[in-house]
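Structure first, then comments.
The values are calculated or read from the model by the stated rules, or taken from the named source; none is laboratory data. Here the structure is a predicted model, which is why all the values come from computation and not from measurement. Positions of Cβ are generated from backbone atoms using ideal geometry, with glycine treated the same way; all protein chains shown enter the neighbour counts.
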Amino acid sequence: MSVLLIVLAVAEFIWASPIVGFFRKGDPDVIEIGSIALRLRCFTLVFSSWITISNMLLQTTGKMWRASILGFARQGIILIPIVWILPPFIGIWGIQIAQPLADLITFMMSVPMTMSVIRKMNEGASRDLS
């Protein structure tokens with residue numbers, strides 16, 4: 001899964017301008033701004049698989065609060081404040097880096113949430129074997 005995301009990220013990075021241009025023909029400013037945002041997003045695309053799998057693991061193991069927080073984090077709890085806070089300080093750049101930054105922070109949140117569940121599962125499995 002991660003290899004496919006890496007390939008997709010590289011392809012998006014290379015062809016960012018034509019991809020954005022497909023949706024917004026004839027507006028070079030939007031294409032330039034959108035291309036930068038898409039290229040920045042490519043750097044964190046590989047984290048999406050970990051975030052998604054972590055969320056599913058938390059849901060299936062009955063950790064509903066952790067799963068809900070993780071699910072809301074990327075698109076709400078983290079992204080919205082970033083979009084409100086950064087642009088007044090760094091302008092359009094703040095909007096362009098908002099999604100990749102939200103993905104990175106969500107990834108950093110998901111690692112300890114997921115690893116604690118995996119540790120408990122491993123402890124239970126080793127008790128079952130004894």
- Only listed residue being part of a helix (DSSP H, G or I), among the aliphatic types (A, V, I, L, M) and modelled with pLDDT under 90, chosen from Leu5, Leu45: Leu5
- Message: Restricting to segment 1-29, give me the number of residues that are over 13 Å from Phe43 (Cα atoms), surrounded by 10 or more Cβ atoms within 10 Å (Cβ to Cβ) and acidic (Asp, Glu).
- Response: 1
- Note on the structure: Looking across segment 51-74 at residues that are within 21 Å of Leu8 (Cα to Cα) and surrounded by fewer than 18 Cβ atoms within 10 Å (Cβ to Cβ), the single one that is farthest from the chain's Cα centre (by Cα) is Ile53
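Residues in segment 78-91 that are farther than 14 Å from Leu104 by Cβ and surrounded by 12 or more Cβ atoms within 10 Å (Cβ to Cβ): how many? Steps first, please.
So the first thing to find is which residues in segment 78-91 are farther than 14 Å from Leu104 by Cβ, and the list is 80-81, 83-85, 87-91.
Narrowing further to those that are surrounded by 12 or more Cβ atoms within 10 Å (Cβ to Cβ): 80-81, 83, 85, 87, 90.
Summing the residues that are farther than 14 Å from Leu104 by Cβ and surrounded by 12 or more Cβ atoms within 10 Å (Cβ to Cβ) in segment 78-91 gives 6.
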